[in-house]
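Structure record follows, encoded as structure tokens.
The values are calculated or read from the model by the stated rules, or taken from the named source; none is laboratory data. For clarity, every value in this text was computed on a predicted model and none was experimentally measured. FYI the Cβ positions are ideal-geometry reconstructions off the backbone, even for glycines, and counts take in every protein chain you see.
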């Protein structure tokens, strides 16, 4: 096994940091460390994105927990001689927007921070199975294999883990359904087709800790009696795919995948399939169709995937984040997991903060964290000291809310109790400078572009919604436009074939509820041009 | 196995329905409620696309689709709530918003499912504006079918019929969302891809998006030309279906009225394709006998269905040697008319126009095949014709629907016409020629002749019940005086594919195979009247066998006009002259 | 009524070379091994698209359909469903500008407008020199650095309109190597 060093310098190497010179910085750093004969004490580790995106090339020094930002090759000499040799932090480069400063925030707000999903991301070399193992990696799999499959499912059920993709279906229940099906073949599928606008957490998990998914899927296979796992990763996630493939190869070489895992009779193999640019493939049946080399269109429910899924066989489909929760739950127990979160929603949620917010990035916070905490404590407030214009939570298939909702605790019940959706954990902040209607027109454009076209309400309805929003933006809406919009919302909810269409109203209905004046003003200011009045 | 019964409530009343029923089936069979559908086609197209059949089910947030949702114990279904009516209406409105409004002039003006549904649901206003800015180009590449994508409502019935029933897979949805269309590969058009022209897609299309390439204007034109001798031939399956177009009961034998109506339209001679069906039996029957006696390639596979021929040429070029070299009855008719009959009557073949009325859209393609100019070659030397004067054996093909439309245009009261006979000599036929119109008919007709020729005995019983019926695949062993003859019949190309794959592998146990492109054979052809009766093929088949039973002559070789044409013109069946005029060749299209 | 003439698309006329056929066969067989006897059309088509200049010529698709055992119409249905695949010729580099919510809020419309101006083409079009195709895209999952775009497999974030000339120049220079 690889030796663990006393000091680790973690450098995020992802598609974006490479462009800012991360690789040059890394090579120079390694060279300088060798020059000063520090190679036996200091290791340089490539990691996935740290969730800090606006500080150029970032270095993190552990265990000192110091972060440097906007590092250029000319800074390396100073970092090595000052920090590594003399133990003095290079203040000039140190950044305040580090994970450690967030921890400070949490202390002040009285929240206990426990990273469950992101326990390894940014701390280990995601390409090193040894480092994963050194942090209890694959211990949960070993533990599971010593249990009865039913016991594994019971732990999951007791933990109250719910699906993190947005729907919140109880994971233990889903696994139990698949386990009890009699079938010659069953499948474990990981939905890594992250496409909900504003969501980028799964990329971070896959790039930063791919083994956590490999391990969790093997556990799911053992618990349900499946021997084949498939990770469906969106096609743009080139680095996620590469790291996942390496993780699968390494795990196979270590006997943690393949035949007779850890000397037991259990066999499990993993494959990676890629998406091709279709949001609807995040819908579980559309995703399965895509794996089957079909157009990514949903199927009718019931039957559900646990009964008849991939190739007609019982199938577990879980989101990346859901799987990432599984090994810690098995290791620490269901009670431990339930100690985080709220009565309705156990554990943590990985939130993706984006838009006009100071600290854009990924944070993992307990279920029940309020919007205000996310925006101001974790997110550092609005850029330029501006006010909030509006927020969208949960993604494009989520609610548009105002400052009035800032104190709503976000969990699986917040949609029901407060009309604020959790969805995939998107917190998109728009400042007062962002006009609402063009934004909603973009949301409408998004659904129109991503509708698969199978069913009438979604195919034709998204086109009509887009037309109405565009007319409101250009102040050419006719007086009946909002009445039509409202009829359309009902038909999406009532008759859309799948979750995509059924979720279209969330943004528009909430925007109408929370910002009625914006629509009224646009309508009042509208003049229907003659040509289009005729066609209406 | 005993079927479990479930207790359900439909609109407040209690019913017991079998487990496994859909809400649609349960409502129809037990509550007498016909839930409207637009895209649904039982067992073939179950897409849940249109969103019209939605119902209220207690305890569900949305409105489930009745076509796909199975009933469950204790389910409470409401088919007529305000929410349901509004949802159905709005989905139809959404379809209409982007649908052309040329209903007056649309081919489907009288029988459009979309129009009917809008009327049924009381859609009196479309609140939504047209949101598409451009009309899509019409696919006008096929000799048989025309596709107007603007009228397509993306119900996918055509896609599913083409794939699941016919196993041709010439079309699929292309693109995504509101930009999606039903399309051929790279939108090359039906005429440029593996489409076999069967027209089954047209039969299931709920709107005017798929129509036949109409030849009505061409036919009116020649009918008005005093220099032309315009003769018409009618296929066997037409006479048992054309009455439907005039409100006559399904399964009416309208042979006499059809002959009268066509004569009223101005055709100079009203002949019968049944005559050339008898001729086909002579040629094909003797081909079978020859192959059996001389150890030729077996099984012999029939060749009268042009969709099947293109299918074989495209997907199974390796089996073309098994396929009978006989032309189809339509093409034999054209050739004989422009050679034998022209000679007999002393007519200039160039002045003869042959119009055929067919239950088939593929026949429009077949008549244009380059090898179907036999009469021209027959005359070329005799009359020193130049190459550019080449004419087709058959000039125009009308579907049953087109023929009916012309009769309507002419104001003829079809149902009340007195029955008339076909003209002689090419109007004389046997019952064997008639049953060509049903699946298994060619087989039975051939067996009647082959049996008697091979055994030199008279058949004790003419009806071969084993080869009748509408099942997609049938097989039988026929005892020919102690020698067993194993035969198989497939209708629908999906079924044909199964039999033909066996042949390709050299594993076919049969000596004679009949293939019909369309489910049910020609009576279910793509050129037939559109019908909502699920038993329509059965009704038409019954009429065909009644027609056969009522014929004084029921074996092709006993048709006196057939005997005469061999005596006076062709010589023997399969003679050199017969081969030259009545047989054809096929070519490998797999690389196209 | 005469039917329309046969459409012969230019790429259809060019038959595949022996090397093309061997390449396609190799791609399909390699994928079959990776997926334990199954194939992934997406894997195959990504690789094929890369070789044939960011699009899938008709003859190539025909051969792929034959090798994987599907009809060309169905393969066409598959290809036209996914935005990362194209049956129409595209530039040497495909620029995908994210237009979704987070990028919209932080300035994607200005980025798109500037790219249209710099390249002289609209969304969905290819520059006359064949260097770039400009596409609008749904969320690319790099919202932490919005507004963002991808050029081929590389992501660019925290964009302002003034960053764009440099990025285009760098890609052009890289593409010439």
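Structure notes:
- Qualifying helices (runs of 4 or more DSSP H) (wholly inside the range B:10-127; at least 3 residues being closer than 30 Å to residue B:405 by Cα): B:82-97, B:113-120
- Qualifying residue in the range B:90-108 (condition: within 25 Å of residue B:149 (Cβ to Cβ), within 13 Å of chain A (Cβ to nearest Cβ), crowded, with 21+ Cβ neighbours inside 10 Å and free of Cβ contacts under 8 Å to residues at least 12 places away in the same chain): yes
- Picking from residues in the range A:165-193 that are on the phi < 0 side of the Ramachandran plot and modelled with pLDDT under 95, the one that is surrounded by the most Cβ atoms within 10 Å (Cβ to Cβ) is A:165.
- Subset tally (residues that are touching a strand residue (DSSP E or B) at 6+ places or on another chain (Cβ under 8 Å) and within 7 Å of chain A (Cβ to nearest Cβ)) for the range C:147-156: 3
- Yes/no for residue A:392 being closer than 30 Å to residue A:183 by Cβ and in contact (Cβ under 8 Å) with a residue 12 or more places away in the chain: no
- Scanning the range A:176-200 for residues that are within 26 Å of residue A:152 (Cα to Cα) and within 14 Å of chain C (Cβ to nearest Cβ) returns A:185, A:187, A:189, A:191, A:192.
- Put simply, of B:182, B:168, B:193 the only residue that is over 16 Å from residue A:297 (Cβ atoms) and free of Cβ contacts under 8 Å to residues at least 40 places away in the same chain is B:193.
Yes/no matrix, rows are residues, columns are (1) modelled with pLDDT of 95 or more; (2) within 25 Å of residue B:171 (Cβ to Cβ); (3) surrounded by 19 or more Cβ atoms within 10 Å (Cβ to Cβ):
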| site | (1), (2), (3) |
| --- | --- |
| C:4 | no, yes, no |
| C:10 | no, yes, no |
| C:34 | no, no, no |
| C:47 | yes, no, no |
| C:64 | yes, yes, yes |
| C:72 | yes, yes, yes |
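Yes or no, residue by residue, for (1) under 20 Å from the mean Cα position of the chain (by Cα); (2) within 30 Å of residue B:99 (Cβ to Cβ); (3) modelled with pLDDT under 95:
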| position | (1), (2), (3) |
| --- | --- |
| A:355 | yes, no, no |
| A:360 | yes, no, yes |
| A:409 | yes, no, no |
| A:455 | no, yes, no |
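- Evaluation of residue B:145 against (1) touching a helix residue (DSSP H, G or I) at 6+ places or on another chain (Cβ under 7 Å); (2) within 15 Å of residue B:211 (Cα to Cα); (3) surrounded by fewer than 21 Cβ atoms within 10 Å (Cβ to Cβ); (4) within 14 Å of chain C (Cβ to nearest Cβ) (one fails), failing number: (3)
- Filter result for the condition that a residue is under 17 Å from the mean Cα position of the chain (by Cα) and in the same structural domain as residue B:359 (by TED's automatic domain parsing), over B:438, B:432: B:438
- Residue satisfying all of: in the range B:37-68; surrounded by fewer than 19 Cβ atoms within 10 Å (Cβ to Cβ) and within 32 Å of the chain's Cα centre (by Cα); nearest to the other protein chains (Cβ to nearest Cβ) among these: B:46
- Enumeration of residues in the range C:23-48 that are assigned to a helix (DSSP H, G or I) and facing another protein chain (nearest Cβ under 10 Å): C:34, C:41, C:42, C:43, C:44, C:45, C:46
Listed here are the residues, each with its yes/no results for (1) farther than 26 Å from residue A:396 by Cβ; (2) more than 7 Å from every other protein chain (Cβ to nearest Cβ); (3) over 18 Å from the mean Cα position of the chain (by Cα); (4) surrounded by fewer than 21 Cβ atoms within 10 Å (Cβ to Cβ).
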residue: C:86; (1), (2), (3), (4): no, yes, no, yes
residue: C:100; (1), (2), (3), (4): no, no, yes, no
residue: C:105; (1), (2), (3), (4): no, no, yes, no
residue: C:111; (1), (2), (3), (4): no, yes, yes, no
residue: C:122; (1), (2), (3), (4): no, yes, no, yes
residue: C:140; (1), (2), (3), (4): no, no, no, no
residue: C:145; (1), (2), (3), (4): no, no, yes, no
residue: C:173; (1), (2), (3), (4): yes, yes, yes, yes
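- Just so you know, in the range A:260-277 the residues that are assigned to a loop (DSSP other than H, G, I, E, B) and within 13 Å of chain C (Cβ to nearest Cβ) include one that is nearest to residue A:141 (Cα to Cα), and it is A:267.
- Residues that are within 7 Å of another protein chain (Cβ to nearest Cβ) and surrounded by fewer than 22 Cβ atoms within 10 Å (Cβ to Cβ) within the range A:278-293 comprise just one, A:293.
- Counting only strands (runs of 3 or more DSSP E) that fall entirely inside the range C:86-153 and contain at least 1 residues that are at pLDDT below 95 and in the same structural domain as residue C:167 (by TED's automatic domain parsing), the qualifying elements are C:149-151.
- Of the residues A:156, A:173, the single one that is assigned to a helix (DSSP H, G or I) and in contact with a strand residue (DSSP E or B) (Cβ under 9 Å, 6 or more places away or on another chain) is A:156.
- For the range C:52-64, a residue qualifies if it is more than 14 Å from chain A (Cβ to nearest Cβ) and farther than 13 Å from residue C:86 by Cα, and the qualifying residues are C:59, C:62, C:63.
- Only a single item in (1) in contact with a strand residue (DSSP E or B) (Cβ under 8 Å, 6 or more places away or on another chain); (2) more than 16 Å from residue B:419 (Cβ to Cβ) is not met by residue B:245, and it is number (1).
- Selection count where residues are over 12 Å from residue A:270 (Cβ atoms) and either more than 14 Å from chain C (Cβ to nearest Cβ) or in a strand (DSSP E or B) (or both), scope the range A:201-218: 2
- For the range A:234-259, a residue qualifies if it is free of Cβ contacts under 8 Å to residues at least 60 places away in the same chain, in a loop (DSSP other than H, G, I, E, B), out of contact with any strand residue (DSSP E or B) (no Cβ under 6 Å at 6 or more places or on another chain) and surrounded by fewer than 24 Cβ atoms within 10 Å (Cβ to Cβ), and the qualifying residues are A:255, A:259.
- Among the numbered conditions (1) modelled with pLDDT under 95; (2) in a strand (DSSP E or B), the only one that residue B:356 does not meet is (1).
- Which numbered condition residue A:415 fails, given (1) away from chain C (no Cβ under 12 Å); (2) crowded, with 24+ Cβ neighbours inside 10 Å: (2)
A quick yes/no check of all residues on (1) closer than 23 Å to residue B:177 by Cα; (2) crowded, with 22+ Cβ neighbours inside 10 Å:
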{"position": "A:381", "(1), (2)": "no, no"}
{"position": "A:397", "(1), (2)": "yes, yes"}
{"position": "A:430", "(1), (2)": "no, yes"}
{"position": "A:439", "(1), (2)": "yes, yes"}
{"position": "A:450", "(1), (2)": "yes, yes"}
{"position": "A:464", "(1), (2)": "yes, yes"}
